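First up is the structure itself, then whatever we jot down about it.
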Amino acid sequence: MTAHHPLRFRLTTAKTIIFCLAILNALSLAAIYSSLHEGGSFTAQGLFYKEIVWMIISWLFLLFFSFVNYRIYYDLAYFFYIFNIILLFIVGRFGKTAMGATRWINIAGFNFQPSEVAKIAIIFLLARFFSFQGKRGFLKDFLVPLVLVGFSSLIILKQPDLGTALILIFLFLLTGFASQVKKRYFVFLLIAGIAAAPFLFNHLKDYQKKRLIVFVNPNADPLGAGYTIIQSKIAVGSGRFFGKGFLSGTQNQFNFLPERHTDFIFTVIGEEGGLLGSLFLILIYWLIINTILKETDRLKDPFAQYLCFAIATLFFLHLFINVGMTLGILPVVGVPFLFMSYGGTHLMASFILAGIFLNICHSE
């Protein structure tokens, strides 16, 4: 029987992640290129070239963070959190507004979105709290991290960005439930959240309320809030098993589907690549998440374990929510498709987390 070699395992793990990311980059560029066409014309070349620049920057960030010892994030977790809170307040005061939301800071022609960085800050924070081995009780184990995550979520919700705010809350719930903290705290929080949902609904923006209403019945507003999801389901269904082929999706090419290069990029894959292409894409994501979780089981450092688990959880949440909303089985909440949607900050933040994971593989 061949002996297990940790170094060989780490190299295999790193190669798997890098290989999967390279495939996702290639598929992302193909899907974005197709989505930026309209009636056979390449209508937004500038956006396509910007995404290429963001990809190059993201790989450089991955390389940099793969060499930074992950233990530094334990010491700097509170600093990152406070720094991101400051950025979120700056967005609220000086940020760029688009489509009714103020989420971006314009830097040299590129839009930077601090709420994406908030996910990294929260992961550091949760990994620090939940990796503590001593006994601290309800206040420090549960209430303090809940308040900190809730504060970030509320600021982001005011931008408004319901999708990211919900992701932070679910990240807290799922990571906390996997920790040594008493499970009943998180169960009670979940029950309280469900009970408070009708009250919270009244405090949402009008367009957010309409999105939730059309989730139950898309035909309630087929030319308004329900239009995008109706067109998305038509596009995915029309792709059938093998798809219509590259640059041949009618809902995509004839501009029936809004936001197809951002939150609804999976719809482009479904229409042009069909069920086969969609399943291949899901397989790549499964390889990434499964690889991270396997590494989590191998680790001995609790902080590294929670970092990896939180990264895998975040990736899963993005995948599950985005695919769910494009298929109409979840409400549309504006969550980008992991590693695929057009948008630099989300791509950069995801690559940073991948770089941190690669460092953990190398260090442990």
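The values are calculated or read from the model by the stated rules, or taken from the named source; none is laboratory data. Just so it is clear, the structure is predicted and the values come from calculations on it, not from any experiment. Virtual Cβ from ideal backbone geometry, glycine too; neighbours counted across all protein chains shown.
Summary table below
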| read-out | value |
| --- | --- |
| Top-ranked residue of region 332-346 - restricted to ones that are assigned to a helix (DSSP H, G or I) and surrounded by fewer than 23 Cβ atoms within 10 Å (Cβ to Cβ), ranked as farthest from the chain's Cα centre (by Cα) | Gly344 |
| Criterion: of a type in the set (Phe, Trp, Tyr) and in contact with a Phe, Trp or Tyr (Cβ under 7 Å, 6 or more places away or on another chain) - qualifying residue of Phe177, Phe254 | Phe177 |
| Members of region 56-75 found to be in a helix (DSSP H, G or I), surrounded by fewer than 19 Cβ atoms within 10 Å (Cβ to Cβ) and not aromatic (Phe, Trp, Tyr), listed by number | Ile56, Ile57, Leu60, Leu63, Ile72, Asp75 |
| Residue list for region 88-135, filter: under 30 Å from Thr296 (Cα atoms), touching a Gly at 6+ places or on another chain (Cβ under 8 Å) and either at pLDDT 95 or above or of a type in the set (Phe, Trp, Tyr) (or both) | Leu126, Phe130 |
| Region 247-262, residues that are touching a helix residue (DSSP H, G or I) at 6+ places or on another chain (Cβ under 6 Å) and of a type outside the set (D, E, K, R) | Leu247, Gly249, Gln251, Asn252, Phe256, Leu257, Pro258, His261 |
| Test: residue in region 256-265 that is of a type in the set (A, V, I, L, M, F, W, C), over 21 Å from Phe320 (Cα atoms) and surrounded by fewer than 24 Cβ atoms within 10 Å (Cβ to Cβ) | yes |
| First in region 21-33 and in contact (Cβ under 8 Å) with a residue 60 or more places away in the chain, second anywhere and among the small types (Gly, Ala, Ser), Cβ under 8 Å, 6 or more apart | Leu21/Ala354; Ser28/Ser341 |
| Of residues in region 83-139 being without any contact (Cβ under 8 Å) to a residue 24 or more places away in the chain and polar (S, T, N, Q), the one nearest to Phe170 (Cα to Cα) | Thr97 |
| Test for Ile155: is it part of a helix (DSSP H, G or I) and surrounded by fewer than 22 Cβ atoms within 10 Å (Cβ to Cβ) | yes |
| Counted residues, region 40-70 - those being in contact with a Ser or Thr (Cβ under 8 Å, 6 or more places away or on another chain) and charged (D, E, K, R) | 1 |
| Number of the exception - Ile284 against (1) under 13 Å from the mean Cα position of the chain (by Cα); (2) under 23 Å from Tyr33 (Cβ atoms); (3) modelled with pLDDT of 95 or more | (1) |
| Hits in region 185-233 (condition: among the aliphatic types (A, V, I, L, M) and surrounded by 12 or more Cβ atoms within 10 Å (Cβ to Cβ)) | Val187, Leu189, Leu190, Leu204, Leu212, Ile213, Val214, Ala220, Ala225, Ile229, Ile230 |
